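Working notes for the structure below.
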Amino acid sequence: MAKVVMTGNYAQSYASKLARAQVVAAYPITPQTSIVEKIADFVSSGEMETQFIKVESEHSAMQVCISAAALGARSYTATSSQGLLLMHELLFWAAGQRAPIIMGIINRAVAPPWSIWTDHTDSMAQRDTGWIQYYCESNQEVLDTVLQAYKVAEDPEIRLPVMVMEDAFYLSHTIEAVDVPPQGAVDAYIPLKRSPWVLDIEKPTRMGSFMGPDIYMEYRYIVAKAMQESRKVIVEADEDYGRRFGRSYGGLLPTYRCDDADVVLLTIGTASCTAKEVVDELRKEGKKVGLARMRVFRPFPEEEIARLASSVRAIGVVDRSWGFGYAGTMFTEVAGALYKSKSKPLMKDYITGIGGRDITPQVLRGIYLDLLKVREGDEEMEWWGLRRPEKEVKHNA
Amino acid sequence: MPRFSIPEQELVYSGHVACPGCGGGLAIRYMLKALGPRTIVSIPACCWAITSGPFPRTALKVPTLDTAFETTGASISGLRAALDALGMKDITVVGYAGDGGTADIGIQALSGMIERNTDAIYFMYDNEAYMNTGIQRSSATPFGAWTTTTPADMDGTWKTEPKKSMMAIVVAHKIPYAATVSIGFPEDFVRKVERAKSIKGSRFIHAFCPCPPGWKYSPENTIKLAKLGVNTNVFPLYEVENGVYKITMKPSKPRPVKEYLGTQGRFKHLTDEMIAQIQERTDKTWNNLLALEGFSKEHPYCGL
Ligand SMILES: Cc1ncc(C[n+]2csc(CCOP(=O)(O)OP(=O)(O)O)c2C)c(N)n1
Ligand code: SF4
Ligand SMILES: [Mg+2]
């Protein structure tokens, strides 16, 4: 294996090259741009053989991938924030068509106000579209996950599109030594072969036509089932990857020092690596804390969460997005998943890191200490670290 | 042995569910006759997303992809990209979209596709309104027409804006080939689609497709109207190859537009004054086209 020092964005570009993506269509948006620029370099230097379509919008980027997938070509795109929101309608089309598209997402806050910094509102807002969602915590994981994503997406039982998320700047523009697996080994892991469920000039069929109330529901049920089935395939793809390349990531909900923990914090994205340091520190101080990372948010790891909940006193959730519900998006789903479990830990949601606000070790330490104190009846949700408490905010003329 | 002036092969099954007298149904039939079986069609939301039948049936004998309303230009780009990536060479890619899907919501994807000179045909079947959703105005609805959103129940509530010229727009992209066709003239129609098929790069066909329920006339008059539209110069037939305009049908004595307008319920509110105005506009456009035909010989893409 060759170690190359690269950003999270280049990890996406390298992975799409290793996967031999046959059609790439993308549109620039900060902080995604360097992914596409690198692919352009690969193509112009002849290192990568792909149809690289420089579309006029993210919306068209997604449609190019959807139509390419309809013919059975392996496709890749990447975007961020506003670009992802612009694709929203087509994300349903991709999943409904069972198009195994892989899309890199650089999580960036949404406007207004304009912001290029990270939070997860953009991809959380796509949770109901039928896409599998991975959130990464290192550049190495980005590269490895894009390859795993192809394995999962193209599994004949799954055939769903996959988003591979990385936090803006924390990963997208930060360099790290990344192992680039040899091409032959990647080819063996995800061989390029055309699916039989595609448009075929010799056997004319139609894809995507309308269905009446007599069968539409069954069709959607089949898509829903594919998402459920993907849990197993995601774990297998991760283990298989581990056997071949020596790295795996613990499936949907990797945990850290949770075995005897009193309280566990559930994080997503890069806040998770920071949280591990904080866990080690607090452990040294004798506090029994652990960490679980939402590596995969769709399909939702409800079994893993229920297992975790059975042994802890409290679960805290760090939500780096806000979905205008009664609490953060992850929290509401975690709480919902525990509704039917016998052992219900106390829960608290920490909304923080919005719009690129740093989630520093101090922030997470504060959250852990707060969580250790949580009692029955306490407030279950808090915007953590607001600079000016709500009551002080005045609308100045 | 009967002699056919257009290809005999049928790539549209009978039994589709278009309205009787649907011009769009004839357009897709003639289009596929010209393109042949090695064709892949992309269809957005429009009447033909519905009329070719519900899953698992289809009225088309060629592979067909249904897509979102606004995506046709991008969809045919993706199909072509995949064929190129897979090394499939001899297949024609065509997008079959309505006037709304082309001139309104899909114009961005269309513009992008032509600007990239994607090797595909974009076929706009123009019934001059959003028919699938029940006859609402589009930017291709002609001046003076009634639609459900231009109700014409009072002065000035009909469509007060002129029809958008998609041909001018696509030619401004320096498209290799663009042509107008009418289902009233199948030989001219098929010849142009065959010509389009033989050219590499982006190609655009604008088809005049009368629609009985949308235009408020009786279905047996579809062909008559499709011819009258041309013979009144309301919808001139021409092609633009490498920027050079060529009018392919010049009525020796154009019929007055009144004949065309008078047979359609959507124009029945028009006063003589307005009809005179439409006549004047029609004559002007026709003269402009004649001028373009002359000038573009020496100055291709003269619209810049
Ligand atoms: C994004 C989106 N907006 C609106 C619609 C509803 N819609 C479906 S077909 C249609 C009108 C299509 O008009 P046109 O393209 O002219 O084709 P026609 O129905 O006339 O054949 C509309 C508005 C839709 N499917 N998608
Ligand atoms: S509404 Fe018009 S275009 Fe649509 S199927 Fe009927 S006749 Fe054809
Ligand atoms: Mg229409």
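The values are calculated or read from the model by the stated rules, or taken from the named source; none is laboratory data. Values in this document were obtained by computation on a predicted structure and should not be read as measured data. Counting neighbours? That spans all protein chains shown, and the Cβs are built from the backbone with ideal geometry, glycine included. What goes into the accessible areas is simple: the full protein's heavy atoms, side chains included, and nothing from ligands, DNA or RNA. Shrake-Rupley method; radii C 1.70, N 1.55, O 1.52, S 1.80 Å.
Could you say whether any residue in the range B:60-79 is open to solvent by less than 10 Å² (accessible area, probe 1.4 Å), farther than 24 Å from A:ILE53 by Cβ, within 9 Å of chain A (Cβ to nearest Cβ) and in contact with a Lys or Arg (Cβ under 9 Å, 6 or more places away or on another chain)?
There is at least one residue in the range B:60-79 that is open to solvent by less than 10 Å² (accessible area, probe 1.4 Å), farther than 24 Å from A:ILE53 by Cβ, within 9 Å of chain A (Cβ to nearest Cβ) and in contact with a Lys or Arg (Cβ under 9 Å, 6 or more places away or on another chain).
Given (1) over 19 Å from the mean Cα position of the chain (by Cα); (2) hydroxyl-bearing (Ser, Thr, Tyr); (3) open to solvent by 40 Å² or more (accessible area, probe 1.4 Å), identify the lone condition not met by A:SER67.
(3)
Six or more apart or on different chains, Cβ under 6 Å: which pairs go from a residue in the range A:309-325 that's hydroxyl-bearing (Ser, Thr, Tyr) to one that's part of a loop (DSSP other than H, G, I, E, B) and surrounded by 15 or more Cβ atoms within 10 Å (Cβ to Cβ)? Could you list them?
Close Cβ pairs satisfying both conditions: A:SER321/A:ASP119; A:SER321/A:HIS120.
Which one of B:LYS163, B:LYS192, B:LYS174 is away from ligand 2 (no atom under 16 Å from the Cβ) and in contact with a strand residue (DSSP E or B) (Cβ under 8 Å, 6 or more places away or on another chain)?
Only one candidate passes the filter, namely B:LYS192.
Being touching a strand residue (DSSP E or B) at 6+ places or on another chain (Cβ under 9 Å) and facing chain B (nearest Cβ under 8 Å) is the filter here, so list the residues in the range A:76-92 that pass it.
If the condition is that a residue be touching a strand residue (DSSP E or B) at 6+ places or on another chain (Cβ under 9 Å) and facing chain B (nearest Cβ under 8 Å), then no residue fits.
Out of (1) free of Cβ contacts under 8 Å to residues at least 12 places away in the same chain; (2) at positive phi; (3) not acidic (Asp, Glu), the odd one out for A:SER45 is which?
With (1) free of Cβ contacts under 8 Å to residues at least 12 places away in the same chain; (2) at positive phi; (3) not acidic (Asp, Glu) applied to A:SER45, the lone miss is (2).
I'd like to know if the range B:110-131 contains one or more residues that are within 13 Å of ligand 1 (Cβ to nearest atom) and in a helix (DSSP H, G or I).
yes
With respect to A:ALA95, is the statement that it is closer than 25 Å to A:ILE158 by Cα and either away from chain B (no Cβ under 12 Å) or outside any helix (DSSP H, G or I) (or both) true?
yes
Can you find a residue that is at the interface with chain A (Cβ under 7 Å from one of its Cβ atoms) and within 19 Å of the chain's Cα centre (by Cα) anywhere in the range B:20-39?
No, the range B:20-39 has no match at all.
Output the residues belonging to the range B:164-195 that are away from ligand 1 (no atom under 16 Å from the Cβ), in a helix (DSSP H, G or I) and touching an Asp or Glu at 6+ places or on another chain (Cβ under 9 Å).
B:LYS192, B:ARG195
Determine whether B:ARG266 is more than 16 Å from ligand 3 (Cβ to nearest atom), away from chain A (no Cβ under 14 Å) and basic (Lys, Arg).
The answer is no for B:ARG266.
Only one of (1) modelled with pLDDT under 95; (2) open to solvent by less than 40 Å² (accessible area, probe 1.4 Å) fails for A:ALA2. Which number is that?
For A:ALA2, the failing item is (2).
Please pick out the residue among B:PRO2, B:PRO20, B:PRO63, B:PRO56 that is closer than 21 Å to B:ILE223 by Cβ, away from ligand 2 (no atom under 12 Å from the Cβ) and not aromatic (Phe, Trp, Tyr).
None of the other options fit; the residue is B:PRO2.
Name every residue in the range A:20-62 that is under 25 Å from A:THR118 (Cβ atoms), part of a loop (DSSP other than H, G, I, E, B) and more than 12 Å from every other protein chain (Cβ to nearest Cβ), in order of residue number.
Matches in the range A:20-62: A:ALA26, A:PRO28, A:ILE29, A:THR30, A:PRO31, A:GLN32.
If you take the residues in the range B:35-53 that are open to solvent by 10 Å² or more (accessible area, probe 1.4 Å) and outside any loop (DSSP other than H, G, I, E, B), which one is farthest from ligand 2 (Cβ to nearest atom)?
B:ALA49
Restricting to the range B:138-155, and then to whatever is open to solvent by 40 Å² or more (accessible area, probe 1.4 Å) and away from ligand 1 (no atom under 14 Å from the Cβ), can you tell me which residue is farthest from the other protein chains (Cβ to nearest Cβ)?
Result: B:ASP155.
Scan the range B:107-144 for residues that are more than 15 Å from ligand 2 (Cβ to nearest atom) and under 27 Å from B:THR222 (Cα atoms) and jot them down.
Residues satisfying the conditions are B:ILE121, B:TYR122, B:SER139, B:PRO142, B:PHE143, B:GLY144.
In this structure, does B:LYS253 turn out to be assigned to a loop (DSSP other than H, G, I, E, B), over 23 Å from B:TYR122 (Cα atoms) and of a type in the set (Lys, Arg)?
In short, yes.
Might you let me know whether the range A:140-153 holds any residue that is touching a Gly at 6+ places or on another chain (Cβ under 8 Å) and surrounded by 15 or more Cβ atoms within 10 Å (Cβ to Cβ)?
Within the range A:140-153, one or more residues are touching a Gly at 6+ places or on another chain (Cβ under 8 Å) and surrounded by 15 or more Cβ atoms within 10 Å (Cβ to Cβ).
Could you check how many residues of the range B:40-57 are farther than 14 Å from B:HIS16 by Cα and more than 11 Å from chain A (Cβ to nearest Cβ)?
Qualifying residue count, the range B:40-57: 1.
Which ranges mark the helices (runs of 4 or more DSSP H) fully within the range A:200-309 that have 1 or more residues being at pLDDT below 95 and in contact with a helix residue (DSSP H, G or I) (Cβ under 7 Å, 6 or more places away or on another chain)?
Helices (runs of 4 or more DSSP H) meeting the threshold: A:302-309.
What about A:LEU369, is it open to solvent by less than 20 Å² (accessible area, probe 1.4 Å), part of a helix (DSSP H, G or I) and closer than 26 Å to A:TYR170 by Cβ?
It is false that A:LEU369 is open to solvent by less than 20 Å² (accessible area, probe 1.4 Å), part of a helix (DSSP H, G or I) and closer than 26 Å to A:TYR170 by Cβ.
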